[in-house]
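Visitor: Take a look at this one; I'll ask things after.
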Amino acid sequence: MKRCRLTNIDTPAHFYDELARQLELPAHFGRNLDALWDALTGDVEGPLEIVWEDCETASAKLGADYAKLAGLLKEVAAERTDLTLEFLPAAKHSR
């Protein structure tokens with residue numbers, strides 16, 4: 001199973017860089033929504049797990065881009081039966 005943990009994502013470029021690195025996306029990956037769809041639905045073999053940690057902070061930092069990126073990931077998860085997708089809030093620190 002391929003796993004991707006997205007943490008401290010503060011720019012769309014950082015999001016694309018992490019996915020490309022962790023999922024070993026092909027060199028021709030174009031770092032845009034269309035290219036991401038193509039890569040995740042055609043180039044990456046499953047099973048696949050993507051976990052976006054501290055998604056609330058990412059949403060605040062990325063604004064409208066977060067909605068687009070998260071929306072595309074949800075669409076891919078609906079398309080692929082072998083993709084698990086999780087959006088996690090910030091971890092609570094124990095005392």
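Visitor: Give the residue, chosen from PHE87, PHE15, PHE29, that is in contact with a helix residue (DSSP H, G or I) (Cβ under 8 Å, 6 or more places away or on another chain), surrounded by 14 or more Cβ atoms within 10 Å (Cβ to Cβ) and at pLDDT below 95.
Guide: Working: PHE87 fails: at pLDDT below 95; PHE15 fails: at pLDDT below 95.
On inspection, the qualifying residue turns out to be PHE29.
Visitor: Among the residues of region 16-52, which ones are over 20 Å from ASP82 (Cβ atoms) and touching a strand residue (DSSP E or B) at 6+ places or on another chain (Cβ under 7 Å)?
Guide: GLU18
Visitor: Of the conditions (1) without any contact (Cβ under 8 Å) to a residue 24 or more places away in the chain; (2) in a helix (DSSP H, G or I), ALA58 satisfies every one except a single condition; which number is it?
Guide: Just one mismatch for ALA58, condition (1).
Visitor: Restricting attention to region 32-45, which residues are surrounded by fewer than 18 Cβ atoms within 10 Å (Cβ to Cβ) and either modelled with pLDDT under 95 or assigned to a helix (DSSP H, G or I) (or both)?
Guide: Going residue by residue through region 32-45, those that are surrounded by fewer than 18 Cβ atoms within 10 Å (Cβ to Cβ) are 32-35, 37-38, 41-43, 45.
Result: LEU33, ASP34, ALA35, TRP37, ASP38, THR41, GLY42, ASP43, GLU45.
The values are calculated or read from the model by the stated rules, or taken from the named source; none is laboratory data. Just so you know, these numbers come straight off a predicted model, no measurement behind them. Neighbour counts run over all protein chains shown; Cβ positions are idealised from the backbone, glycine included.
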